[in-house]
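Engineer: Here you go, one structure.
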Amino acid sequence: MKKRETLWMRYVDFEKIKDMLHLVYENNGKLRAGTLEQLAIERGILIKRENGKPLTHSPRYHYRKVMEGLGLVEVKEKFYRIPEDKRVREFRELTSFKKSLSPEAKEILRVLIVRNTYCREHFFDVFMEENTYILEDLRKEGEYIIVETKSMREPPAGKKMEQKKNNENIHKKKKVGTVILKSPSWKTIELKTQDEIHAIYWGVRLWALELEITNEILISFAEGRIIYPVNPNFSDEILTNHLLNKIKADNSDSEWVVLHIPTFIKEVALSKRFSVNKIKEFLFGLKTKYPLLTMFIPSSTMFIDIKTPFEKQDSAIRGSYLYEEGKGYISHLRINKRIEREVMI
């Protein structure tokens, strides 16, 4: 068999994928590529949200190829059909045209993506020591990885006045340099070609992030983007215990302990595998429940943004901080040691 030279994975909106699947089901075995695309445009699927205009040829093509690649549809004699697959049938039965994906339907998508040979070989395998795994194994045993880009391997600019020019140059070249996915323990995957970078870094990686198969942390440019498998079984009790242990470890005479929020989020994310949003919800809940024993300390965006020379990474860096309306970004949590007596587990 001739080796496939082009990877089919690209960033897609899985709500659109779901709606296109229903179009195929309604016209099982009757639609060719062109008629499927045209019907999807007429039904308001393959259109741009900002202006309602049809998507161009390339994204329409990729929507079809992602459906084929994940096994949601099959093509026989150039006509699209629904395959005889238990998972696909369950997915179709759990979804409705133009209605948001349910948690159960999203879980089926996660299973289909993680079991896909191309997605495993080029992305998920780097998280696992063995290559025989399913979604549940990835969640329980997967290790975090670090993303290394070409710009991280380049020496930093010597003069601040050159930063804008360097940023512009790197921005132009950023998709050319190799992207390396590195596990601290066992594997490295190098994305060298445009095809690999578009398919994996801007495709599968973003699928995994949006479907919460994985989550990401970017504390600083020097450290790099950290990606880890998400444990969906969040526990307030486990997180409370972790927080209390940190408070007990403080031997100072002060009755207050100050925690750096991005560091706390990183520690919990990598040790417990909880999603960043769940950790943030826990901290907001703590502040609401114990307003006299907790205090948020804000930080300026200027101070946060100096942690990376790239404007496009600013939002990712800020994602490690809490955000409170009226106060802005929160960098530290000041917590009174008396909370140990108040918290009932």
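Engineer: Only one of these is part of a helix (DSSP H, G or I), open to solvent by 20 Å² or more (accessible area, probe 1.4 Å), under 30 Å from Thr188 (Cβ atoms) and not β-branched (Val, Ile, Thr): Arg110, Arg89. Name it.
Structural biologist: Details: Arg89 fails: under 30 Å from Thr188 (Cβ atoms).
None of the other options fit; the residue is Arg110.
Engineer: Kindly provide the set of residues from the range 92-105 that are open to solvent by 90 Å² or more (accessible area, probe 1.4 Å) and within 25 Å of the chain's Cα centre (by Cα), ordered by number.
Structural biologist: As a first pass, look at the range 92-105 and keep what is open to solvent by 90 Å² or more (accessible area, probe 1.4 Å): 93, 98-100, 103-104.
Answer for the range 92-105, where residues must be open to solvent by 90 Å² or more (accessible area, probe 1.4 Å) and within 25 Å of the chain's Cα centre (by Cα): Lys98, Lys99, Ser100, Pro103, Glu104.
Engineer: Mind listing whichever residues of the range 263-291 are touching a Ser or Thr at 6+ places or on another chain (Cβ under 9 Å), open to solvent by less than 50 Å² (accessible area, probe 1.4 Å) and closer than 16 Å to Pro232 by Cβ?
Structural biologist: Ala269, Phe274, Val276, Phe282
Engineer: If a residue must be more than 30 Å from Val126 (Cα to Cα), assigned to a loop (DSSP other than H, G, I, E, B) and hydrophobic (A, V, I, L, M, F, W, C), how many such residues does the range 213-260 contain?
Structural biologist: So the answer is 1.
Engineer: Kindly check whether there is at least one residue in the range 239-255 that is farther than 29 Å from Val179 by Cα, at pLDDT below 95, aliphatic (A, V, I, L, M) and open to solvent by 40 Å² or more (accessible area, probe 1.4 Å).
Structural biologist: yes
Engineer: Output the residue which, of all residues in the range 60-81 that are of a type in the set (Asp, Glu) and free of Cβ contacts under 8 Å to residues at least 60 places away in the same chain, is most open to solvent (accessible area, probe 1.4 Å).
Structural biologist: Step one: filter the range 60-81 for residues of a type in the set (Asp, Glu), giving 68, 74, 77.
Subset that is free of Cβ contacts under 8 Å to residues at least 60 places away in the same chain: 74, 77.
Numbers: Glu74: 56, Glu77: 165 Å².
Among them, the one singled out is Glu77.
Engineer: Given (1) under 18 Å from Gly142 (Cα atoms); (2) open to solvent by less than 40 Å² (accessible area, probe 1.4 Å), where does Leu209 come up short, assuming only one miss?
Structural biologist: All conditions are met except number (2).
Engineer: Could you go through the range 22-37 and let me know if any residue there is under 24 Å from Ala105 (Cα atoms) and without any contact (Cβ under 8 Å) to a residue 12 or more places away in the chain. Quick ask: steps written out before the conclusion?
Structural biologist: So in the range 22-37, the residues under 24 Å from Ala105 (Cα atoms) come out as 22-29, 36-37.
Remaining after also requiring without any contact (Cβ under 8 Å) to a residue 12 or more places away in the chain: 26.
There is at least one residue in the range 22-37 that is under 24 Å from Ala105 (Cα atoms) and without any contact (Cβ under 8 Å) to a residue 12 or more places away in the chain.
Engineer: All but one of (1) of a type in the set (Val, Ile, Thr); (2) open to solvent by 70 Å² or more (accessible area, probe 1.4 Å); (3) under 25 Å from Thr132 (Cβ atoms) hold for Thr56; state the number of the condition that does not hold.
Structural biologist: Of everything listed in (1) of a type in the set (Val, Ile, Thr); (2) open to solvent by 70 Å² or more (accessible area, probe 1.4 Å); (3) under 25 Å from Thr132 (Cβ atoms), Thr56 misses just condition (3).
Engineer: Something else now. Can you go through Glu255, Glu210, Glu267 and tell me which one is of a type outside the set (Gly, Ala, Ser) and more than 22 Å from Tyr323 (Cβ to Cβ)? So that I can check it myself, show each step before the final result.
Structural biologist: On the way: Glu210 fails: more than 22 Å from Tyr323 (Cβ to Cβ); Glu267 fails: more than 22 Å from Tyr323 (Cβ to Cβ).
Every option except Glu255 fails the conditions.
The values are calculated or read from the model by the stated rules, or taken from the named source; none is laboratory data. Keep in mind that this is a model prediction, so the values were computed, not measured. With ideal geometry, Cβ positions are generated from the backbone for all residues, glycine too; neighbour counts draw on all protein chains shown. For the accessible areas, the whole protein counts, side chains as well, though only heavy atoms, and no ligand, DNA or RNA atoms are used. Shrake-Rupley method; radii C 1.70, N 1.55, O 1.52, S 1.80 Å.
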